[in-house]
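Colleague: One structure, as structure tokens, below. Some questions next.
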């Protein structure tokens, strides 16, 4: 049983976020989840929670099941020591392990409220990674030199100068009042509303535990409530899982200016190449399962961003042709072919790491594990500037490479086109019915 302590603070009120796309309205205290949400804390016990510290979730999630179960069980003694229940509030005095959900989340919306005291700071870890920062924002708190003056709600562990590190506006309420968070996370892309104010607008939550190899945060991970330096209380913790279609729509709305559609959804006008190997149906371009070949734009591109959705069948295989010259194999004659692949298929279990989805084929590997299940539409953005390429998949940056620095190639096979500065954008068919839709490009300087 959890220890309890006398109640010292009044009960709270809740912002009920009744819509997905707008900042919600304030409603007086209520502990029932809004429509579409479910409670992560039932107000009666801590079933569904365990304790973890600031530790790399990639590492502990990779433990064998028995070891992970033992780790979780061993943490409960600390949780029982430092966490208590007062009515429907979770209370921590500022010490011990962080309260961590048993469940891991991918794309989701989170609602919660907290109240803390002078001198404390805390945070919310998303997918096991720090953090949405909670400050004592007063000068007396002594942390203005660390960013507390800017206000709570930012992704404080992001790199200096990175988008989202500081909140867009200060929105903290005075001590003694409850604060409300609304958080949406699609991949690593993060939106935070704090007391009705948008303070983080679609920024990438960087992986605090790996800023050299640039591995993204996990595709799925827990929500953690941090404790640090003083009492904090939490309640009305609700979550709603976001389906792929909604996530793709939200991701496509980030910085939309300047993108031009290059597929009309009806036919292959404005496209050239092996047009007989592709067909248009249901407003998508589908590669043939019987014949391969490259389909590419009529216009040439130098520096650009491309956005699209794609769907792969089981064992599916295709690729994005980048600065393709219009002839030959895009992987070699073009700047590169960015793999589009069902990386989970058994038939591909022993590929070279530079052949999996998102990789610059045969040159630079992408991080794996960020595709949606086979048969779901994925959202991908590709940024090409000079010799550099960045690939963002479902809100996670899975590739950042400078091909000018690549000197080792798969099978020691040369890539004569990798230094091209202009070319066509397209698809490299490999006799697999992969689909593409909502295709747009923005030219960059």
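Any read-out appearing in this document is the output of simple, stated calculations on the displayed coordinates, not a laboratory observation. Nothing here was measured: the structure is a model prediction, and the numbers come from that model. Here the Cβ positions follow ideal geometry from the backbone for every residue, glycine too, while neighbour counts run over all protein chains shown.
Colleague: Taking Cα pairs under 8 Å and at least six residues apart, what relative contact order does segment 14-242 come out at, in percent? Numbers along the way, then the final one.
Modeller: Numbers: 539 pairs, mean separation 66.4, N = 229.
Relative contact order of segment 14-242: 29 percent.
Colleague: Still on this structure, please answer the following. If I model a spin label as a point 7 Å beyond the Cα along the Cα-Cβ vector, how far apart are those points for residue 146 and residue 374 in nm?
Modeller: 4.8
Colleague: Further, regarding this structure: Between segment 381-445 and segment 146-196, what is the C-alpha centre distance in whole Å?
Modeller: Answer, in whole Å: 33.
Colleague: Quick check on segment 14-242: take the gyration tensor over C-alpha atoms, sort the square-rooted eigenvalues as a ≥ b ≥ c, and tell me if it's rounded (a/c under 1.5), prolate or oblate. Intermediate values should be presented prior to the final figure.
Modeller: Values: a/c = 1.23, a/b = 1.10, b/c = 1.11.
It is rounded, given that a/c, with a ≥ b ≥ c, falls under 1.5.
Colleague: Using alpha carbon centroids, what distance separates segment 238-281 and segment 285-324, in Å?
Modeller: 12
Colleague: If each DSSP helix of 4+ residues adds -39,500 (n - 2.57) and the sum is divided by the residues in the chain, what number results at 222 nm, nearest 500 deg cm²/dmol?
Modeller: Details: 4 runs with 36 residues, N = 445.
Roughly -2500 deg cm²/dmol at 222 nm, from the helical runs in the chain.
Colleague: Rounded to the nearest 10 degrees, what's the angle between the helix 65-82 long axis and the longest principal axis of the chain, both from Cα atoms, 0 to 90?
Modeller: 30
Colleague: With the cut-off at 1.5 for a/c, could you classify segment 211-262 from its C-alpha gyration tensor as rounded, prolate or oblate?
Modeller: Because a/c hits 1.5 or more and a/b exceeds b/c, segment 211-262 counts as prolate.
Colleague: Can I ask one more? State, as an integer percentage, the relative contact order of segment 101-224 based on alpha-carbon contacts under 8 Å between residues 6 or more apart.
Modeller: Numbers: 283 pairs, mean separation 38.9, N = 124.
The normalised contact order for segment 101-224 reaches 31 percent.
Colleague: Taking a ≥ b ≥ c as the square roots of the eigenvalues of the Cα gyration tensor of segment 249-443, is the shape rounded (a/c under 1.5), prolate (a/b larger than b/c) or oblate?
Modeller: Details: a/c = 1.22, a/b = 1.12, b/c = 1.09.
Rounded is the answer for segment 249-443, as its axis ratio a/c remains below 1.5.
Colleague: Among (1) 1.35; (2) 0.94; (3) 1.08, which one is Cα Rg over 2.2 N^0.38 Å computed from these coordinates?
Modeller: (3)
Colleague: Can you put 335, 410, 214 in order, fewest other beta carbons within 10 Å first?
Modeller: 214, 410, 335
Colleague: Could I ask something else about it? Sort 368, 146 so the one with the fewest other Cβ atoms within 10 Å of its own Cβ comes first.
Modeller: Working: 368 16, 146 13.
The order, fewest Cβ neighbours first, is 146, 368.
Colleague: Segment 45-81 to segment 115-144: how many Å between their Cα centroids?
Modeller: Cα centroid to Cα centroid, the span is 23 Å.
Colleague: Please compute P(r) over all alpha-carbon pairs of segment 30-85, binned at 5 Å starting from zero, and give each bin as a whole-number percent.
Modeller: 4, 15, 21, 19, 16, 14, 9, 2, 0
Colleague: Could you list 173, 213 in order of exposure, starting from the residue whose Cβ has the fewest other Cβ atoms within 10 Å? Can you show the working numbers first?
Modeller: Values: 173 13, 213 7.
By the 10 Å Cβ count, ascending: 213, 173.
Colleague: Given the peptides 253-260, 123-130, arrange them by the average over their residues of other C-beta atoms within 10 Å, most packed first.
Modeller: Numbers: 253-260: 11.2, 123-130: 24.5.
In descending order of packing, they fall as 123-130, 253-260.
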